[in-house]
Amino acid sequence: MPEHPTDPRRPAPGAPTATDGPVRSESPTIALPVLGGAPPPAPPRARFGRTLTARAVLVTCTVALVSVLVTAIVAVPLAVRGVERRDQEALAAQARLAAEVLRTRLDRGRTADEERLIRQLRAQQIDAYLVRGGTVDRAGLPPRVVQRVAEGRNVSARRSVNGRRALVEGRALPGGNGVVLSRPVATGLWRQVLLSLWLPLLAGLAAGVVAGLLLARRLARPIRVAAGAAARLRAGDRAVRVPVEPPDEVADLAHALNGLAAALATSEGRQREFLLSVSHELRTPLTAIRGYAEALADGVIEPDDVAGTGRTVLAEAEHLDRLVRDLLALARLEAADFPLEPVPVDLARLAADAERTWADRCAAVGVPFSVESPGGPVPAYTDPGRIRQVVDGLLENALRVVPPGAPVVLAVRPAGPDPAAGGVVEVRDGGPGFTDEDLAVAFERGALHQRYRGVRKVGSGLGLALAAGLVRRLGGEIAAGHAPEGGAAFTVRLPADPYPIRTSA
């Protein structure tokens, strides 16, 4: 089968092959990840009824409707009773007037004045009953009403007159005489009251709806502003800020979003600086390895110098390998499956083991190394491999910065008089030390590297961050301070009893 003329597995014509000798390339570069990235697609707009404004309007309208209904339920009976009370009072006034007119005329028999008064009352839909000597002039009144008037007592009530519900007002006169007026109770009174109240109730409902709409828009506006700010943050805009305004809950939300934006900006800035620092640290050994490899490939190195060149390349490769290991460990440190095997450990024996390794290294560069131990065991519960990794990292940092003749001290001691208090490991040196501002950021990735690069010997900026993460995962505490030898002091406090392994650094 013929090969495709543009088969990517075959080199292009004229391209160098593996037999043509080493290919010289430009200096290695490290690709940095793009922070932020393209904004994700905007979510679809919510349908009416799912937004806060719509729900607030619906709730407000419901409250307004319930208020109108409750108002109607309470106001209509009160209005009906008020109308009936007014009619009763008007009928009572008519009864008093009729009693005054007929006070002296009832004993004379039926007169023209009585007829005229009865006609006037009937014109007002009022029936008049005259009681003479305890006897009513015509039927229709309840006997109990007639009896009370004849006994000299007034009557004000609602009774059935001629088979109809009516308002009754009776006034007693001397000699068993009296006047009783009745007016049928008005029908359709509830309907009349409702017809008179529907316009005010409808106006109240409309006012509630309008007020609810305005209130809902006012309440939802800060949330819409916050949602817009969050969308801009998601899109990578770290300069966005939300205005802080009342009420307190909205102000708290604005403060939280503004703090988040500031924290993201700071974190991404530090991440960018850290990536640039790591890129520089990776480029240094790679440049050395490439240079020596090119020299070997070109045959410009004498045979007697090949072994030394190989050792140099090996040292730079080891440096590169150590840096990559630190990066991988730092990346895995936050994972829940980070391997830890805590067991009871004697910190005094761990310090003695470290002394055998570091005494010769320090002596080779003229740095006095000493171990301070209480003479007995210092119990702790930790992972011996990981805590030795922490101690080696701290000693390597100290050896990098101390000048010849300045001391490096590894000290172990109990954390307190009670053995259950745990143990303390301390690394001190007589180097340049830290300022108070340095101590606040000592365990942040790349912070000291960025601050002192080009000023004094610094590492990659990963060692202290890795040590701090390991100690915290081991249930301990780590702190940086000033050493009595004049340099820096790193204090690691470890528990003596088993602890729940942390799943996050």
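Of the residues Val402, Val424, Val378, Val408, the single one that is at pLDDT 90 or above, within 18 Å of Val343 (Cα to Cα) and buried (at least 22 other Cβ atoms within 10 Å of the Cβ) is Val378.
The combined condition, being of a type in the set (D, E, K, R) and closer than 17 Å to Glu355 by Cβ, is fulfilled by Arg428. Among the candidates Arg55, Arg50, the residue that is at pLDDT 50 or above, under 30 Å from Gly212 (Cα atoms) and surrounded by fewer than 12 Cβ atoms within 10 Å (Cβ to Cβ) is uniquely Arg50.
Assigned by TED's automatic domain parsing to the domain that holds Glu100, among the hydrophobic types (A, V, I, L, M, F, W, C) and part of a helix (DSSP H, G or I), is that true of Ala261?
Working: assigned by TED's automatic domain parsing to the domain that holds Glu100: no; among the hydrophobic types (A, V, I, L, M, F, W, C): yes; part of a helix (DSSP H, G or I): yes.
So Ala261 fails the test.
What's the total number of residues in segment 81-111 that are at pLDDT below 75 and hydrophobic (A, V, I, L, M, F, W, C)?
Number of matching residues: 1.
For segment 212-226, a residue qualifies if it is touching a residue at least 12 places away in the same chain (Cβ under 8 Å) and under 14 Å from Ala251 (Cα atoms), and the qualifying residues are Leu219, Ala220, Pro222, Ile223, Val225, Ala226. Looking at the structure I just gave you, is Val367 assigned to a strand (DSSP E or B), crowded, with 19+ Cβ neighbours inside 10 Å and modelled with pLDDT of 90 or more? Here the answer is no, as Val367 does not meet what is asked.
The values are calculated or read from the model by the stated rules, or taken from the named source; none is laboratory data. In this text, all values refer to a predicted model and were calculated from it rather than measured experimentally. Every residue, glycine among them, receives a Cβ derived from its backbone with ideal geometry; neighbour counts consider all protein chains shown.
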